[in-house]
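J.: Dropping the structure in here first, questions after.
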Amino acid sequence: MPEETPSSEDKPKSIDPEVLRQQVAEIRQTAYVRTEEPPKAGFRWLQAVYLAILVLVIGSVIFLLASRGTRLWLLKGIAHGWSKVSSRQESAEVFKLPPPPPKTVEPKVVLQGSPTAVFRAGGSSSQVAPPPSTETAETESQAETAQDESKPAPPPEKTTGAKAAYDLLVKNSEVARKLTANGFPDLQFKEWKPVKNSPPEFWINVIAARAGQNVEFVWVVNTESGTVKALSQNARDLERK
């Protein structure tokens, strides 16, 4: 049986080396190869400066936080320098003004009171005495006021309202009624008198003798409400018995 001869299609195609070289050249031209550029010397120096500054700042902050005295000294120095700078900036020129001219005061003549004519014996001429000064008049008025204040005020009178208040006291207060009726062995009733008349409120003073000495008992009486209240300490002590 005869062997079959391979056809032209089954034979491997031969590759031209020149074509391969062209393809490789095109791939090299179109391919993008990223290569890292080596850092420049200037950039390295800048990085070293930044690193030194960062280390210096961090070290200074830690030192100031740890040392209180240094921190206070630094703050005082900054404040002192800032005050000097601000004072220089805010300082302004001061203009001195001349003093104002003196004012002329016109004399005024004031006459108080009427002049008094004084006649001297043995002569026909008369002189007019000056009126009393204002200071003398004020001093005399103050002396009269002081004398009036030093005088004791007259005691209130036994008016109809005061008599009604006394009757109400004896009626509504068992202690006052017993006192006026000589119900206490060591007290002897003598008299009563008003201390203050201010209707409808009256202050009634009941006086009794104890061992030869007068003892006063004061009550407050309201004629409208009919209330009676011990005012003096002797009256309160007597009500506690």
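Just so you know, all these numbers are worked out from the coordinates, no wet-lab data involved. Here the structure is a predicted model, which means the values were calculated and not measured. No Cβ is skipped: glycine too gets one built from the backbone with ideal geometry, and neighbour counts run over all protein chains shown.
J.: Within a Cβ distance under 12 Å of N234, other residues only, what is the Lys/Arg minus Asp/Glu net charge? All intermediate terms of the calculation are to be shown ahead of the outcome.
T.: On the way: positive: R210, R236, R240, K241; negative: E216, D237, E239.
Within the 12 Å Cβ shell, the charges total +1.
J.: Ignoring solvent entirely, what values of log10 I(q)/I(0) come out of the Debye formula for the range 160-240 at 0.14, 0.15 Å⁻¹ when each Cα is a single scatterer?
T.: At q = 0.14, 0.15 Å⁻¹ the computed log10 ratios are -0.39, -0.45.
J.: Between K196 and R177, what is 0.36 nm times their sequence separation minus the Cα-Cα distance? Round to one decimal in nm.
T.: Full-extension gain reported as 4.8 nm.
J.: For T180, T30, T159, what ranking results if the residue with the fewest other Cβ atoms within 10 Å of its Cβ goes first?
T.: Result, fewest neighbours first: T30, T159, T180.
J.: Give the distance, in whole Å, between the Cα centre of the range 52-71 and the Cα centre of the range 181-241.
T.: 87 Å
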